[in-house]
Amino acid sequence: MNWQYDLLLTGGTVVTGSGIRRADVAVRGEVIAEVASHLPREQAAHVVDINGKYLLPGIIDVHVHPVYMDSVEDCSVLAAYGGTTTVLHFAYGRTGESLLQKVEEMLADGLANSRLDFGLHGGMFEAPRQVPEIPQVMALGVRTFKFFLTYLKQGWYTDDYQLIKAMDMLAERGGMAMVHAENGGAIDYLEDKYLKGPNASARYFNASRPAALEEEATFRAIRLAEVVNCPLYIAHVTAARSLEVIRREQAAGVRVYAETCPQYLTHTQDIIQERGALAKIGPPIRTAADRDALWLGLRDGTLQCISSDHAPKPKDPQGDFIDQGFGSPQIETLLPLVHDGGVNQGRIGLVRMVQVLCENPARIFGLYPRKGTIATGSDADLVVFDPQREFTIRAENQHSKVGYTLYDGRTVLGWPEASYQRGQPVLVHGQVVAEPGKARFQPTFQTPAPPLG
């Protein structure tokens, strides 16, 4: 029989960045063929009844680090468990390494091993060596590059000369700069003051990385980007003071985008004393007032994206705090935590959740409307989300090799039940069924569209 549709998802509530409606979604081949009420079931080769469930666009996580305990393949599996269908990885050129070579290696790794479609960012650890490689890397379809304004002692710091030079190159070639915005020199001094010697303690961690130094670096990066007219993306914003700067500059017409992450939206700095080095993240988790300001920033459009900043590193909670790595596993719980902490708590609406997890990431990084929405002609990247399923997050039911989660024991209401990528099953009844080798590389920032706030 010649079926009109290959797949029909019927009876669900479709949520996009434009609104909510009861509708069926039909898939033909790899794309969405139709979104309408009461589509004919008899014309579909496969029908899935999702009554009582939300149908969301596939989540797009634009901030993933597959260079620690979880590989490119691991990260794609973890993301799939959480309802993500597209990931943007950071390919890091560490000190002494060629950024071009590292991007080529991760691109090949992703095509061979990823379970999900993916894109790449270039990450600079040695800017004088790696900035000249930007044109060659961009030719591969990687058009966004991250620079560290912190980690001076580690040798990862990008000074103002190299930063504005890189921004100028990116502006001329249609790329975008991304920054980790904290003042590296001042933080190194404060680390020496607070985190060394016999009195060193996790309770001094935030004193060594105060919000003022995130605000300063955010302002400096924006000013440099403005001079050369380079689009700028501020990663993992944590502080109300940084939001004030970003909000003002956006109102003045500066092209600056900003994200935050679930750890900053769901925890306060108390978790650092409770969990020690397991909660050591840069920038740090801050106060309840900062957390509330981030939710406000999401509501008013100052923050356009939420991403995981998945950085699973081995840690010894009993060891020297300053010697422990920065970061924690976040990718698998991205969607459930944003839904539970945001939608269920009345902090953001369901449509805004889809904007900041799906549509805006696609728009900012040039993947829209192929990704990020549910519309005729878009890739059939879809998530069936059960808003009534209660799930208690525990280390033993998470899949990262790191073996811990900052959300151990937290119960959320709402969990992904199934997902599809380009019409093919990825997550079925809570199990990842996608195979490696079928993912497609997604070149970024080709035709960026303005984000929805």
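Residues checked against (1) among the hydrophobic types (A, V, I, L, M, F, W, C); (2) free of Cβ contacts under 8 Å to residues at least 60 places away in the same chain; (3) at positive phi:
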site: 294; (1), (2), (3): yes, yes, no
site: 299; (1), (2), (3): no, yes, no
site: 310; (1), (2), (3): no, no, no
site: 313; (1), (2), (3): no, no, no
site: 317; (1), (2), (3): no, yes, no
site: 322; (1), (2), (3): yes, no, no
site: 326; (1), (2), (3): yes, yes, no
For this session: Could you list all residues from region 285-318 that are more than 14 Å from the chain's Cα centre (by Cα) and of a type in the set (Gly, Ala, Ser)?
Result: 288, 289, 293, 297, 301
For this session: Give the residue, chosen from 246, 272, that is at pLDDT below 95 and assigned by TED's automatic domain parsing to the domain that holds residue 190.
Result: 272
Exercise. In region 427-453, which residues are outside any loop (DSSP other than H, G, I, E, B) and β-branched (Val, Ile, Thr)?
Worked result: 428, 432
Problem set entry | helices (runs of 4 or more DSSP H) wholly inside region 330-405 that include at least 2 residues being within 19 Å of residue 303 (Cβ to Cβ), at pLDDT 95 or above and in contact with a helix residue (DSSP H, G or I) (Cβ under 8 Å, 6 or more places away or on another chain) | 334-338, 350-354
Exercise. Where residues in region 267-302 are β-branched (Val, Ile, Thr) and part of a helix (DSSP H, G or I), which of them is surrounded by the fewest Cβ atoms within 10 Å (Cβ to Cβ)?
Worked result: 271
Exercise. With respect to residue 357, is the statement that it is surrounded by 22 or more Cβ atoms within 10 Å (Cβ to Cβ) and among the aliphatic types (A, V, I, L, M) true?
Worked result: yes
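Okay, residues lined up against (1) in contact (Cβ under 8 Å) with a residue 12 or more places away in the chain; (2) assigned to a loop (DSSP other than H, G, I, E, B); (3) not β-branched (Val, Ile, Thr):
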| position | (1), (2), (3) |
| --- | --- |
| 169 | yes, no, yes |
| 185 | yes, no, yes |
| 189 | no, no, yes |
| 199 | no, yes, yes |
| 216 | yes, no, yes |
| 225 | yes, no, yes |
Seminar exercise, completed: Considering region 319-337, residues that are farther than 16 Å from residue 275 by Cβ and either under 12 Å from the mean Cα position of the chain (by Cα) or not assigned by TED's automatic domain parsing to the domain that holds residue 357 (or both), and then whichever is surrounded by the most Cβ atoms within 10 Å (Cβ to Cβ), we arrive at 331
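The values are calculated or read from the model by the stated rules, or taken from the named source; none is laboratory data. Bear in mind the structure is a predicted one, so any value in this text is a computation, not a measurement. All Cβ positions, even for glycine, are placed from backbone atoms using ideal geometry, and neighbour counts span all protein chains on display.
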